[in-house]
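Visitor: Structure below; questions to follow.
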Amino acid sequence: MSAFKRLIWVGHDRKLPTEIYTSLVASLFSDPRTLIVGGLGSIAAALIIAWQTADLTLISSAAGLIAITLARAWDMHAFASRAETVMTRATARRWELRYIVGASAYVALMGAWCFFAFARSADPVIHLLAFSIILANMIGVAGRNFGSKLLVNAQIACAVVPMTLAMFLYGGTYYAVLGCVLLPFFVSLKSISDRLRRTLLDAVVATRDVTLLADRFDTALNNMPHGLCMFDPQRRLVVSNKRLEEILHVSGFGRGASLRELLRACVMSGTLNEATMERLLAELESRLSGKFDGELAVDTEDGRALSLTFEPMENGGSVVLVEDVTERKNAEAKINHLARYDALTGLPNRTFFHDQMEWVLATMKRGTHCAVLFVDLDQFKQVNDTLGHPAGDALLCAVAERLRGIVRDTDFVARFGGDEFVVLETSARDPQAASILAGRIVEELGKPYDISGHHVVIGASVGISVAPRDGTGADVLLKNADMALYRAKSEGRSVWRFFEPEMDVKARARRSLELDLRDAVATGAFEVYYQPLINLKSARITTCEALLRWSHPERGMISPAEFIPIAEEMGLIVDIGNWVLRRACHDCAQWPGDVRVAVNLSPIQFRRGNLMSSINEALAGSGLAPNRLEIEITESVLLQDTEVTRAILQELREFGVRISLDDFGTGYSSLSYLHNFPLHKVKIDRSFLAGVGANARALPLLRNVARLITELGMSVTMEGIETREQLDLIANEGTFDEAQGFLFSPAVRPQEIMAFLDVTSLKQWLQSPSRKVA
């Protein structure tokens, strides 16, 4: 027996669960007709005995029985009138005590009545009638009052004790023997009552457990996220939940419905059509019979996706789970789309395009060609920076739309990221067909755009590779098209170029140089050389320009013009520039105090590096005074954010660092630079000297530029002095302060520049054999 049931049989009824306890109390007040009929029988017997004996005590007992029976009948009616309300444990306890008081009073009076019937009369008929009434009431107690253990015990005690005592006191020997025999009977009667109570309580508890289990099962079943239905071996519905009705949009089918009836209800609700119903019926029959297993996908008429899974049961039936997987399918489709398409333009992305390209190449027919056109937008960055990223995104979408309109339905267009697009032209007649398509792309993309009310004009450069001429694999063709694009952009904007084999050779050489350059930065393989600048009045060295040199272990000395642009593209130029700055300040600190060092700054270093922090670190580490450091910038630096540039240059000037404009006269030369920026010196490019001897206008131009710079309060340095005649020319003008060039010395190592610092005159300098050290 469980602990729960043992708890029922031991102790007071208050240990019972409330719902069981209240039901037991309610059983006491059930079937009031039985109580009234039994009471009327007892009253009739009492009245007969009272009339027969005319005894006042027996008459009073009969009257008392009538009063108590009426009171109990009223209690029965009162309980029945409130039976619809929920009864609490406390209320049930009050009704139980009320019933026990009434029933005990009734039985106690019956016992007293029986005692007086034996005591007041010697008539055996009266004795038999009283004995029969008590015995009948005791049997009724066992059958009716099992709901209260206390009541059964009280009633047996109140009736049996007076009757047995009367039989021993006022009866003869036979009465005494009968009394002794009755004692085991009444003990058995109490045992019968207890067993009846236990049996009925078992049934009540079992019913309660089954009800609780059924309620919990029903709650769990109807709160499942999936629809559930269970079929018996005859394909009849046994169990289903509410979620199934919600998913299928059906209701009203119940236990015993056939599979066809269930599907027919789905058709009536619009979830399925007739054709789908017949197909699904055959599929379900196959799976329910065990011929097939696995998930069954169903598309509904309202655009939802359902998934059905089957679990066979031992008795031959099956459990079917129905899940609405619409959201999951949509999410999977969205993820799949995002994995294959560009989120901004809706074009295929790099991965999906690569797969499409591999398929095209694998199925390409002999004698046909396909071309890969790598498209890069010109001036897109300026649009993005000027109008903002939303405008840039809108421009990319417009470009994508134009590309879709240019290509054929059999061609593919993809966005590789940023402003790079790729077109795959399939089944081209010959390689030159790609040239026609490239021309159309350049022409269409070069037409004006209306972006958020702004008139925008950009261009496009295109690199082309053709299969099978330039390769038969997707990776090779894309790489070759990219190299062709690089050539196109280097030759100008809005042009296209085909891949050529020598491009690959140059690309390999560049990649090798990139690797070597990165290794050189890591190992410190660079050197700083110095080229002197001569003051034309004092004929002494006033400044030495620091120039970076790289001696490759295999290729020898590599020109800065070759590796500096690569270092800028690789993002290494800031680290290299900071190293040169520290090295130059350290070397200059060893020179005479009137000699400065000039260090070139890359535009990228100027824009990205923390320039003031780097200069402070270099000066502090070397102990060099700020006025002995000269920073050389090119005009491209001044083309950047002018306000920020001016602020940085002004901060450098106030700190004491000198600022020099290098290579003036090349690139985007503008006289406004001389007026708007805080410069100390302007170095005129050697190109101004090239035509002095042959062009009559060259010398006046050079003379006037130098005079203008001088009048603006800046010193003038002439670069590229290679002959004595050029030196005499600028020396006689009187407006030039310094000269620099191979006539004096090429760039030399730090230890070699020391030999030049002791020269006391220009003549001595030019005649000194030490200047030929380099």
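The values are calculated or read from the model by the stated rules, or taken from the named source; none is laboratory data. Just so it is clear, the model here is predicted, and its values are computed rather than measured. Ideal geometry is used to build each Cβ from the backbone, glycine not excepted, and the neighbour counts take in all protein chains shown. Ligands, DNA and RNA are excluded from the accessible area calculation, which covers all protein heavy atoms including side chains. Shrake-Rupley method; radii C 1.70, N 1.55, O 1.52, S 1.80 Å.
Visitor: For the pair Glu651/Asp194, report the inter-label distance in nm, with labels modelled 7 Å from Cα in the Cβ direction.
Guide: Placing both labels 7 Å beyond Cα along the Cβ direction yields 10.1 nm.
Visitor: Next question, about the same structure. Taking only C-alpha pairs under 8 Å that are 6+ residues apart, what is the relative contact order of region 358-460 in percent?
Guide: Relative contact order here is 37 percent.
Visitor: Among Thr523, Thr271, Thr710, what's the order by accessible area (1.4 angstrom probe), most exposed first?
Guide: Order by accessible area, largest first: Thr523, Thr710, Thr271.
Visitor: Okay, moving on. If you take every DSSP beta bridge whose two residues both sit in the chain, what share of them, in percent to the nearest 5, is antiparallel?
Guide: Restricted to the chain, the bridges split so that about 70 percent are antiparallel.
Visitor: Output the relative contact order of the chain, whole-number percent, from Cα pairs under 8 angstrom with separation of 6+ residues.
Guide: Relative contact order here is 6 percent.
Visitor: In degrees, nearest 10, range 0 to 90: what is the angle between the Cα axis of helix 474-490 and the longest Cα principal axis of the chain?
Guide: For helix 474-490, the angle is close to 40 degrees.
Visitor: Tell me, what ³J(HN,Hα) does each residue in region 675-690 have, in order and in whole Hz, if you take phi through Karplus 6.51 cos²θ - 1.76 cosθ + 1.60 with θ = phi - 60° and put x for Gly and Pro?
Guide: 8, 8, 10, x, 9, 9, 9, 10, 9, 7, 5, 4, 4, 6, 7, 4
Visitor: Starting from the amide H of Cys370, placed 1.01 Å from N in the peptide plane, find each other amide H under 5 Å away whose residue is 5 or more places distant or on another chain.
Guide: HN-HN under 5 Å from Cys370: Ala428, Ala467.
Visitor: Going highest first, how would you order 589-602, 335-348 by mean Cβ packing within 10 Å?
Guide: For the peptides 589-602, 335-348, the packing ranking is 589-602, 335-348.
Visitor: Given 0.36 nm per residue, what is the gain on full extension from Glu733 to Arg608 after removing their alpha carbon distance, in nm?
Guide: This chain segment gains 41.0 nm when fully extended.
Visitor: Okay, moving on. Quickly work out the Tyr174-to-Asp123 label distance, labels modelled 7 Å from Cα along the C-beta direction, and quote it in nm with one decimal.
Guide: 1.8 nm
Visitor: What does the helix-only formula give at 222 nm for the chain: each DSSP H stretch with n ≥ 4 adding -39500 (n - 2.57), the total divided by the residues, and the result rounded to the nearest 500 deg cm²/dmol?
Guide: The helix contribution divided over the chain gives -18500 deg cm²/dmol.
Visitor: Give me the percent of accessible area attributable to carbon and sulfur for region 324-389, probe 1.4 angstrom.
Guide: Using a 1.4 Å probe with all protein chains present, region 324-389 comes out at 54 percent carbon and sulfur.
Visitor: Set the Förster radius R0 to 25 Å, insert the Cβ-Cβ distance between Glu500 and Thr472 as r into 1/(1 + (r/R0)^6), and round the FRET efficiency to 0.05.
Guide: 0.90
Visitor: Something else now. Using percent of Cα pairs over 46 Å apart as the read-out, say which of (i) 34; (ii) 63; (iii) 40 was calculated from these coordinates.
Guide: (ii)
Visitor: What's the angle, to the nearest 10 degrees (0 to 90), between helix 149-170's Cα axis and the longest principal axis of the chain?
Guide: The two axes meet at around 20 degrees.
Visitor: With charges set only on the Cβ (+1 for Lys and Arg, -1 for Asp and Glu), what does the dipole of the chain come to about its Cα centre, in debye to the nearest 20?
Guide: It comes to approximately 3280 debye.
Visitor: Solvent-accessible area of Trp579, probe 1.4 Å, all protein chains present, reported in Å² to the nearest ten, please.
Guide: Surface open to solvent at Trp579 totals about 80 Å².
Visitor: Leaving out ligands, DNA and RNA but keeping every protein chain, what accessible area does Lys365 have, in Å² rounded to the nearest 10, with a 1.4 Å probe?
Guide: Surface accessible to solvent at Lys365 totals approximately 150 Å².
Visitor: Still on this structure: Evaluate E = 1/(1 + (r/R0)^6) for Ala507 and Glu246, where r is the Cβ-Cβ distance and R0 equals 56 Å; express this FRET efficiency to the nearest 0.05.
Guide: Here the calculated transfer efficiency is 0.35.
Visitor: Right, here's the next one. Sorted by accessible area with a 1.4 angstrom probe, largest first, how do Ser452, Ser461 fall?
Guide: In descending accessible area the options line up as Ser452, Ser461.
Visitor: Next up: Calculate the length of the line joining the C-alpha centroid of region 32-63 to that of region 233-268, in whole Å.
Guide: Value for the Cα centre distance between the two parts: 65 Å.
Visitor: Still on this model: Given a Förster distance of 56 angstrom, what is the FRET efficiency for Leu40 paired with Thr309, based on the Cβ-Cβ distance and rounded to 0.05?
Guide: The calculated FRET efficiency here is 0.25.
Visitor: Let me ask another. Out of residues 5 or more away from Ser494 or on other chains, whose amide H comes under 5 Å of its own, with H placed 1.01 Å from N in the peptide plane?
Guide: Those lying under 5 Å, H to H, from Ser494 are Ala460, Ser461.
Visitor: Using the charge dipole of region 527-684 (Lys, Arg: +1 at Cβ; Asp, Glu: -1 at Cβ; taken about the Cα centre), state which of Ser602, Ser551, Phe655 has its Cα farthest towards the positive end.
Guide: Result: Phe655, furthest along the dipole toward the positive end.
Visitor: Here's a follow-up. Using a 1.4 angstrom probe and counting only protein chains, how large is the accessible area of Arg469 in Å², to 10?
Guide: Solvent-accessible area, nearest 10 Å²: 130 Å².
Visitor: Mind pulling the angle between the C-alpha long axis of helix 642-655 and the longest principal axis of the chain? Nearest 10 degrees, somewhere in 0 to 90.
Guide: Tilt of helix 642-655: around 70 degrees.
Visitor: Right, here's the next one. Just reorder Trp113, Trp95, Trp359 by solvent-accessible area, largest first, 1.4 Å probe, all chains present.
Guide: Per-residue accessible area, sorted high to low, gives Trp359, Trp95, Trp113.
Visitor: Contour minus end-to-end for Gln52 and Thr386, with contour as 0.36 nm per residue of separation and end-to-end as the Cα-Cα distance?
Guide: So the chain would gain 107.6 nm between Gln52 and Thr386.
Visitor: Assuming 0.36 nm per residue, please report the length gained on full extension of the stretch Leu165 to Ser286 beyond their Cα-Cα distance.
Guide: Answer, rounded to one decimal: 35.4 nm.
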